[in-house]
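These notes concern the structure reproduced below.
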C-alpha cells in the first residue's frame, strides 16, 4: 500500500436490525449517511478516493486543508452534508456528482461538507493496518490534536452500548450503527464481519406516479419524490406491502387521472409497460437506504396517506 495509490477500504458486513447487540468486545459508532472518503496527504498534496477507488479530489476542495500537515497521512472517513444537524444523502450526492469547477465552488458554499473521520491507515511513514482498531484509535487521537482548528472536520464518537445507540439513531431517523471489534486489524478491501453494520429501515412519503403492467396485471407502483427545485423525481418501483385487492382498488380509482406522459423528470428506461398517473396519490414507504442513483433500496409499501403530494420531498 502506497500514498496516493487508491485501494478498496475495509467494509462492514450487514446484519439485520433485529440483531442489535451490546458486547464489551465491540465499540459502536453512528453509520453516517454519506460518501466514503479515503484521504491521502503528504507535503501539501492531498488526494481523495471513494470506496470504488475513484478520484474525488476535485469534488471536495475544502479538504485540501489536510495539506497543511507536515507528515504523511491516510485517513478513512465519510463525507456528509448536514441539514438540520442530520446527514442529507441527496445533498452529498449533488456534491459527489458535480464535475464543473464553477458549480463545485458554488456547492462548496451552499452545501458544505463535513468529513467524519473514523480510522487511520498511515501515520508519518508507519502503516497501521496490522494494528488493532484500539491501537489505531490511539494514533488517531494524536492526529486529532493537529486538526482542532480545521473547519468541516469531525471525529466519530465511539459508544460502549450498541442497543442504546441504535435507539438514539432510530429517534433521529438516521441510517444505522456500525459495531467494530476493538481487536480488529484493518482488512483492506474485505468484509469479514469484524465490522458489522446494523441498519434502521427508514420511512419516506412518496407520490404514486403510475404503475407497471406484467402479464396484463398491475405489478408495481412507480414512486416519485419532489426535489429542491420542486420537480418530481422517479425514485424506484415498489410492489411489496400492497395486496392484490388493494392494488385493484387503486387501479379502479386512478382511471380518471391516467396521463399519456411521465410526470417525473427522469422516467425509467426499462422495457416495461407503464401506466402513468397525475401526481395526486401519496403513500408511505419503508426502505433500507438511498442508492447512489437516488433510488430507494428494498422499498416496502406501508399504506396510503392523506398528505399532499408536494409534501413528499427528499
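A compact table of results
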item	result
Matching residues in segment 202-222 - criterion: being buried (at least 17 other Cβ atoms within 10 Å of the Cβ) and more than 19 Å from the chain's Cα centre (by Cα)	207, 208, 209, 210, 211, 212, 218, 220, 221, 222
Verdict on residue 65 being outside any loop (DSSP other than H, G, I, E, B) and in contact with a helix residue (DSSP H, G or I) (Cβ under 7 Å, 6 or more places away or on another chain)	no
Residue within segment 109-122 that is surrounded by fewer than 18 Cβ atoms within 10 Å (Cβ to Cβ), part of a helix (DSSP H, G or I) and under 22 Å from the mean Cα position of the chain (by Cα) present	yes
Filter result for residue 76 (surrounded by 19 or more Cβ atoms within 10 Å (Cβ to Cβ) and over 27 Å from residue 137 (Cα atoms))	no
For residue 263: the one exception among (1) part of a strand (DSSP E or B); (2) modelled with pLDDT of 95 or more	(1)
Answer from 166, 154, 159, 150 - the residue that is in contact with a helix residue (DSSP H, G or I) (Cβ under 7 Å, 6 or more places away or on another chain) and under 18 Å from residue 30 (Cβ atoms)	159
Check on residue 93, touching a residue at least 12 places away in the same chain (Cβ under 8 Å) and either more than 21 Å from residue 27 (Cβ to Cβ) or in a helix (DSSP H, G or I) (or both)	yes
Count of residues meeting criterion [under 17 Å from residue 174 (Cβ atoms), surrounded by fewer than 21 Cβ atoms within 10 Å (Cβ to Cβ) and touching a helix residue (DSSP H, G or I) at 6+ places or on another chain (Cβ under 7 Å)] in segment 79-108	2
Residues of segment 20-51 satisfying the condition of being touching a helix residue (DSSP H, G or I) at 6+ places or on another chain (Cβ under 9 Å), within 20 Å of residue 193 (Cβ to Cβ) and assigned to a strand (DSSP E or B)	26, 27, 28, 29, 30, 31
Considering residues of segment 162-183 that are in contact with a strand residue (DSSP E or B) (Cβ under 7 Å, 6 or more places away or on another chain) and in a loop (DSSP other than H, G, I, E, B) only, the residue surrounded by the fewest Cβ atoms within 10 Å (Cβ to Cβ)	173
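The values are calculated or read from the model by the stated rules, or taken from the named source; none is laboratory data. Computed from a prediction, not measured in an experiment: that's the story for all the values here. Quick reminder, even Gly has a Cβ in these numbers, built from the backbone with ideal geometry, and neighbours come from all protein chains shown.
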